[in-house]
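K.L.:
Supplied in structure tokens, the structure appears directly below.
The values are calculated or read from the model by the stated rules, or taken from the named source; none is laboratory data. This structure is a prediction, so every number in the text was calculated from the model and none was measured. Here the Cβ is made from the backbone with ideal geometry for all residues, glycine too, and neighbour counts use every protein chain on show. Side chains are part of the model used for accessible areas, which takes the heavy atoms of the whole protein and leaves out ligands, DNA and RNA. Shrake-Rupley method; radii C 1.70, N 1.55, O 1.52, S 1.80 Å.
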Amino acid sequence: MIPDEILATLTLRAGFNSAVVVAGTACLGVAAGVIGSFMLLRKRAMVSDALSHATLPGIALAFLIATALGMEGRSLPVLLAGALFSGVLGVLAIQAISRFTRLPEDAAIGAVLSVFFGVGVVLLSHIQTLATGNQAGLKTFILGQTAAMNRNEAMAIAGLALAALAACVLLFKEFRLLCFDPGFAAGQGWPTVRIDLTLMGLTTLVTVIGLQTVGLILIIALLIVPPAAARFWTEKLWAMLVIAAVLGGISGWLGASLSALVPRLPAGAVIVLVAGSLFLFSFLFAPARGVVATAWRQARLRLAYAEQAALTGLLHGRPPASGGMDTWLRVRGMVRDSALTARGRDAARSSERNRRLWERFLIHYPTLVPGRANWGIDPIDRVLPRDLVLELESLPEQLSP
Amino acid sequence: MDMLFSLRSGQKPGDGPAAPASPLEVRDLTVAYNRKPVLWSVDYTAPSQGLIAIVGPNGAGKSTFVKACLGLVPSVSGSVKVYGSPLGKRRSLIGYVPQRESVDWDFPASALDVAAMGRYGMIGWCRPVGRAHREAARACLDRVGMADFADRQIGQLSGGQQQRVFLARALAQEARIYFMDEPFAGVDAATERAVIQVLRDLDSAGRTVICVHHDLQTVADYFDHVLLLNTRVVAAGPVGSTLNAETLHRTYGGRLGPADVPGVRKHVAEAGAA
């Protein structure tokens, strides 16, 4: 594989056919990212997993029936119709079990997922014993294969994905309300069951059109991993949707390109690996909720509290408890020969005043919560309004007994 | 802050129900999932003025009563009428404050986003939240003292502030009858004062407010009417004549009497002296 060829595929210059396939898969990733975000927030991530696994018996049955009727068993519309049928059946089975029994939903999901998939595997083995010699394509539905796609199929995928995306944009407000507070939504008169079904329907659509490219085992990853990664970056829903769409689109784009270059490489696995890498990066480095940023904030806060305690102690003649803090203050030029420098004394006095005002604020206004301030550390003059600071300063030192 | 009410109080002719229908009329309501019904043949007619508290022990069906009034749980029998009409026709007149624990506060939304949800019913299908509705929602946040927190992610708010956001969302509905499920549960003193002030404003603006209330000490101070509920209706009426040793004993069984609750003891003593 020469680099030029890789570059050509990625930039859609390797011929019209593969360009359409790559673009179609990217559209699928965008739609899955947006719809998956709502499924994640509706806490239905695992339902979509069961849905995708439940499509397998439908695919096998559709093949068997079509072949028995003398039709072309591998015709894509027939197979997808079968997938749609048994996928919906699987979701209905989950809803029926959790509604009419006392089993929790996750148990219902586990049971339906495994039983449907098991039936599918049995049917698939049966098909392989048949002498039609035409069943080879079915297995690509399990792990996905973009190389087998033609341009019409890819265009259909792109079109349906964009339609699903448009539906999400139209129903943004309704989905947001349903995902946050279905009880309130119903109280306001929204038909929550029908909105839920619409969301499930869009998920089913994405799953079925993704069978060929991503495969039924891994389509869940495209629905859940980009939204989960997007959540690390933002506290806003629309931003989460946009980021999930971008991450899903990149995953589809790169995955389909690589899979088109290496025909034996299952597209689903490559797409999921790309999505997984993006997730890992977000998990570690996203500034809003990522691990590194969180740890960094906590470490800085701890240092600030320790420094404040050490400076106040030195001001009253107590040396820092740890040698590390002593070194730190010397490096910062606040301590020389175990005594505060002029700069250190200024810092200590201002730090002590800051802490005293914060204490008074805490006592006199226990229910007020200032913005994203670090209590006791951030300069209070910058956090609270001027008149409130003046009021705190004028309060008597001794609280009433 | 009064803008909200003045908007609604200037009623057009034929806008509201002309007949003096009760805000809420519940007939023979039964809700049952298992052998023991949660609510059993409940009859209740809400007065058109004064704040109403629903009081009863844990598991008495207080929340279920509210949810059944809103049509959120299926009833076995009975009917609910709001201003003389079935629920379906009166949705836009109903405001709702669910229990705070009923949602995931880590949801990616700001306080303003949540308050604006109260407007969704008026906005209708598939249309975005316009500027006017956002400003109305912001005014409601201001009414509960949360204007400075409008853009804060809801997970970063304290419990009391989250409760106030829920109240702002209900205010944004501009309803005529409000159902509130434990609006005082687990809130700080400042929130409790803010909430009761809003409830009193609603009452004086002619709105009906029905609250599930868990704190017997404050029932007599905060509310004008009480519905004592324990699967069936034990008693209902003005707080002064309804809340007494006997009705409390019948509501809570032997578990609790007025002697256990200083606020009620004082109230009962005053009622006895009068």
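K.L.:
Got a sec? Which of A:ALA68, A:ALA81, A:ALA60 is crowded, with 18+ Cβ neighbours inside 10 Å, out of contact with any strand residue (DSSP E or B) (no Cβ under 8 Å at 6 or more places or on another chain) and of a type in the set (Gly, Ala, Ser)?
P.N.:
Testing whether each residue is crowded, with 18+ Cβ neighbours inside 10 Å, out of contact with any strand residue (DSSP E or B) (no Cβ under 8 Å at 6 or more places or on another chain) and of a type in the set (Gly, Ala, Ser) leaves just A:ALA60.
One line per residue, one yes/no per condition, for (1) within 26 Å of A:GLY36 (Cα to Cα); (2) among the small types (Gly, Ala, Ser); (3) crowded, with 16+ Cβ neighbours inside 10 Å:
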{"position": "A:SER86", "(1), (2), (3)": "yes, yes, yes"}
{"position": "A:LEU123", "(1), (2), (3)": "no, no, yes"}
{"position": "A:HIS126", "(1), (2), (3)": "no, no, no"}
{"position": "A:ALA158", "(1), (2), (3)": "yes, yes, yes"}
{"position": "A:ALA164", "(1), (2), (3)": "yes, yes, yes"}
{"position": "A:ALA167", "(1), (2), (3)": "yes, yes, yes"}
{"position": "A:PHE172", "(1), (2), (3)": "yes, no, yes"}
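K.L.:
Within 14 Å of chain B (Cβ to nearest Cβ), β-branched (Val, Ile, Thr) and either in contact with a strand residue (DSSP E or B) (Cβ under 7 Å, 6 or more places away or on another chain) or closer than 21 Å to A:HIS53 by Cα (or both), is that true of A:THR207?
P.N.:
It is false that A:THR207 is within 14 Å of chain B (Cβ to nearest Cβ), β-branched (Val, Ile, Thr) and either in contact with a strand residue (DSSP E or B) (Cβ under 7 Å, 6 or more places away or on another chain) or closer than 21 Å to A:HIS53 by Cα (or both).
K.L.:
Might you check whether a residue that is within 14 Å of another protein chain (Cβ to nearest Cβ), open to solvent by less than 10 Å² (accessible area, probe 1.4 Å) and in contact (Cβ under 8 Å) with a residue 60 or more places away in the chain occurs anywhere in the range B:225-238? Even if it seems obvious, please write down each step before you answer.
P.N.:
Going through the range B:225-238, the residues within 14 Å of another protein chain (Cβ to nearest Cβ) turn out to be none.
No; the residues of the range B:225-238 include none that is within 14 Å of another protein chain (Cβ to nearest Cβ), open to solvent by less than 10 Å² (accessible area, probe 1.4 Å) and in contact (Cβ under 8 Å) with a residue 60 or more places away in the chain.
K.L.:
If we only count strands (runs of 3 or more DSSP E) wholly inside the range B:48-160, which ones have 3 or more residues that are open to solvent by less than 30 Å² (accessible area, probe 1.4 Å)?
P.N.:
Values: elements: B:52-55, B:77-82, B:94-97.
Ranges flagged: B:52-55, B:94-97.
K.L.:
Confirm whether B:TYR252 is open to solvent by less than 40 Å² (accessible area, probe 1.4 Å) and not in a helix (DSSP H, G or I).
P.N.:
Numbers: open to solvent by less than 40 Å² (accessible area, probe 1.4 Å): yes; not in a helix (DSSP H, G or I): no.
Taking the combined requirement at face value, the residue does not satisfy it.
K.L.:
Here's a follow-up. Out of the residues in the range B:195-224 meeting the condition of being surrounded by fewer than 21 Cβ atoms within 10 Å (Cβ to Cβ) and hydroxyl-bearing (Ser, Thr, Tyr), tell me which one is modelled with the lowest pLDDT.
P.N.:
B:THR218
K.L.:
Only residues that are within 11 Å of another protein chain (Cβ to nearest Cβ), at pLDDT below 95 and farther than 14 Å from B:MET146 by Cα: list them for the range B:161-187, please.
P.N.:
B:VAL187
K.L.:
Among the candidates A:ARG231, A:ARG264, single out the residue that is out of contact with any Ser or Thr (no Cβ under 7 Å at 6 or more places or on another chain), open to solvent by 70 Å² or more (accessible area, probe 1.4 Å) and either at pLDDT 95 or above or more than 14 Å from every other protein chain (Cβ to nearest Cβ) (or both).
P.N.:
Values: A:ARG231 fails: open to solvent by 70 Å² or more (accessible area, probe 1.4 Å).
One residue alone meets the criteria, A:ARG264.
K.L.:
Please work out which one of (1) at pLDDT 90 or above; (2) over 22 Å from B:ALA194 (Cβ atoms); (3) outside any strand (DSSP E or B) is the condition B:ASP28 fails and give its number.
P.N.:
Checking B:ASP28 against (1) at pLDDT 90 or above; (2) over 22 Å from B:ALA194 (Cβ atoms); (3) outside any strand (DSSP E or B), the one that fails is (3).
K.L.:
From the list A:ALA348, A:ALA309, A:ALA293, pick out the single residue that is at pLDDT below 90 and either part of a helix (DSSP H, G or I) or open to solvent by less than 50 Å² (accessible area, probe 1.4 Å) (or both). Can you show your working first?
P.N.:
Values: A:ALA348 fails: at pLDDT below 90; A:ALA293 fails: at pLDDT below 90.
The match here is A:ALA309.
K.L.:
Moving to a separate point now. Can you give me the number of residues within the range B:73-112 that are closer than 14 Å to B:ARG164 by Cα and free of Cβ contacts under 8 Å to residues at least 40 places away in the same chain? Step through it out loud before you land on a result.
P.N.:
Initially, the range B:73-112 is screened for residues closer than 14 Å to B:ARG164 by Cα, giving B:96-101, B:105, B:110-112.
Now drop any that are not free of Cβ contacts under 8 Å to residues at least 40 places away in the same chain, which leaves B:101, B:112.
Within the range B:73-112, residues that are closer than 14 Å to B:ARG164 by Cα and free of Cβ contacts under 8 Å to residues at least 40 places away in the same chain number 2.
K.L.:
Considering only residues that are at the interface with chain B (Cβ under 8 Å from one of its Cβ atoms) and either of a type in the set (Ser, Thr, Tyr) or assigned to a helix (DSSP H, G or I) (or both), which ones fall in the range A:186-197?
P.N.:
Quick first cut of the range A:186-197, residues at the interface with chain B (Cβ under 8 Å from one of its Cβ atoms) only: A:186-190.
The answer is A:ALA186, A:GLY187.
K.L.:
Taking the options B:LYS36, B:LYS12, name whichever one is charged (D, E, K, R), surrounded by fewer than 19 Cβ atoms within 10 Å (Cβ to Cβ), over 30 Å from B:ALA136 (Cα atoms) and modelled with pLDDT under 90. Don't jump to the end; show me each part of the working.
P.N.:
Values: B:LYS12 fails: over 30 Å from B:ALA136 (Cα atoms).
Just one listed residue meets the conditions, B:LYS36.
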